[in-house]
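The values are calculated or read from the model by the stated rules, or taken from the named source; none is laboratory data. This structure is a prediction, so every number in the text was calculated from the model and none was measured. Neighbour counts run over all protein chains shown; Cβ positions are idealised from the backbone, glycine included. Only protein heavy atoms, including side chains, enter the accessible area calculation; ligands, DNA and RNA are left aside. Shrake-Rupley method; radii C 1.70, N 1.55, O 1.52, S 1.80 Å.
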Amino acid sequence: MPPPTPSAPPAPSALAVVIPTRGDHERLRVTLACLAAQTGAPPHEVVVVDDNDGGGSEARALASVLEEVGRLLPVRAVSGPGRGRAAARNHGAAAAEAPWLLFLDADVVVGPGFLRAYADAALPGRFLHGGLRELPTAARLLGRLREAPLSAVQEAGAALTTAGAEGGGRDPMRRTMANALERAVESMAAGELPDVAPWLGLVGASCAVERAAWRLTGGFDEGFARVWGCEDLEFGLRLYEAGLRRRLVPDALGVHLSHARPDRWEQHSVNMDRFAALHPRRSVRALATLLGPGGTPERYVAAVGAAGQVPSPAGTP
């Protein structure tokens, strides 16, 4: 009897999806289920960075999710450093092996063409953002999907991202909205508003960059620690200064499962101040007019261009 033919080794991953998680594994289950339903995706790996405090019910909940989804998805978990979102993302990137790093939050619903769209847009010298919409009725959707099989979760995710791209229509369970940051990035990239901040566009909930560029620029600034906000935008500015340019990927739209953050504005204010101290340029100092309460793209553009001169992409706005 001839010896068995050895199976071919798996193709090396083209994309590594890095997902930091801390707490809500019900939302993580939805995100991973959607990643397990990709069509036409390139070889990829999924690295979940467990940034929980360790042990107990949190560990058991995460293990249960990974066991359920792991039959359908090349996913593995690594223990996080417990020093905040920036450090968790860097930790996952260091553990991954693919040449492109796709950072995705653990509460983002993606459609079946998500990874394929990112892979098709992955050109040298670019940092990528697939775009996001908020789902105000996320808690109701999660309640509906809590005991649902993965196939039902995947069907709901595909329907939601399709509806999100169209605004959701009249169905309140699918009605989504773009926050001020998304509206600003999309409007500036489309030329609908002056591009006063061409570095703006690396949104950590869904973005991608070459591993080499992540390493060259030092990755996310871990000095932002556990305070929420701006660590992704600051990384995008350093990528821009290193010569990379943003590219939006509309076909990789994600829907954020919105949730309350009682101290959101206080935390964001702390990190905006730190961001401005690191990069004292007017497009950073004016971020409160975009990211603060009542912020809008129009207010931000007016604040940055208040001197009557809108800088070109080659300048330093």
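If the condition is being at pLDDT 95 or above, open to solvent by less than 30 Å² (accessible area, probe 1.4 Å) and of a type in the set (A, V, I, L, M, F, W, C), then the range 288-307 contributes Leu290, Val301, Val304. For the range 50-83, the set of residues classified as of a type in the set (Val, Ile, Thr) and part of a strand (DSSP E or B) consists of Val75, Val78, listed by residue number. Residue pairs whose Cβ atoms lie under 7 Å apart, sitting 6 or more positions apart in sequence or on different chains, and linking a residue in the range 188-213 that is over 20 Å from Ala94 (Cβ atoms) and charged (D, E, K, R) to a partner that is at pLDDT 95 or above and not in a loop (DSSP other than H, G, I, E, B), are Asp195/Met188. Do we have any residue at all in the range 221-239 that's in a loop (DSSP other than H, G, I, E, B), open to solvent by less than 60 Å² (accessible area, probe 1.4 Å) and modelled with pLDDT of 95 or more? Yes, the conditions are met somewhere in the range 221-239.
Conditions (1) crowded, with 22+ Cβ neighbours inside 10 Å; (2) farther than 18 Å from Gly219 by Cα; (3) of a type outside the set (Asp, Glu), marked per residue:
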position: Ala41; (1), (2), (3): no, yes, yes
position: Ala59; (1), (2), (3): no, yes, yes
position: Gly70; (1), (2), (3): no, yes, yes
position: Gly92; (1), (2), (3): yes, no, yes
position: Gly113; (1), (2), (3): no, yes, yes
position: Ala119; (1), (2), (3): no, yes, yes
position: Gly125; (1), (2), (3): no, no, yes
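Return yes or no: is Val18 of a type outside the set (Phe, Trp, Tyr), at pLDDT 95 or above and open to solvent by less than 10 Å² (accessible area, probe 1.4 Å)? Yes: the conditions hold for Val18. Can you confirm whether the range 207-218 contains a residue that is assigned to a loop (DSSP other than H, G, I, E, B) and open to solvent by less than 50 Å² (accessible area, probe 1.4 Å)? No; the residues of the range 207-218 include none that is assigned to a loop (DSSP other than H, G, I, E, B) and open to solvent by less than 50 Å² (accessible area, probe 1.4 Å). The residues of the range 269-299 that are in contact (Cβ under 8 Å) with a residue 40 or more places away in the chain, in a helix (DSSP H, G or I) and not basic (Lys, Arg), listed by number, are Val270, Asn271, Met272, Phe275, Leu278, Ser283, Val284, Leu290, Leu291, Pro297, Glu298. Whenever a residue of the range 79-96 is within 11 Å of Ile19 (Cα to Cα), its partners that are of a type in the set (Val, Ile, Thr) and open to solvent by 10 Å² or more (accessible area, probe 1.4 Å), lying with C-beta atoms within less than 9 angstrom and at least six residues away or across chains, give the pairs His91/Val78; Gly92/Val78.
Among the numbered conditions (1) assigned to a helix (DSSP H, G or I); (2) open to solvent by less than 20 Å² (accessible area, probe 1.4 Å); (3) touching a helix residue (DSSP H, G or I) at 6+ places or on another chain (Cβ under 6 Å); (4) more than 21 Å from Gly223 (Cα to Cα), the only one that Ala87 does not meet is (4). Taken as a whole, the condition of being touching a residue at least 12 places away in the same chain (Cβ under 8 Å), of a type in the set (Asp, Glu) and farther than 20 Å from Val185 by Cα applies to Asp221.
Could we say that Ala152 is outside any helix (DSSP H, G or I), of a type outside the set (D, E, K, R) and more than 20 Å from the chain's Cα centre (by Cα) here? So Ala152 does not fit the description; no.
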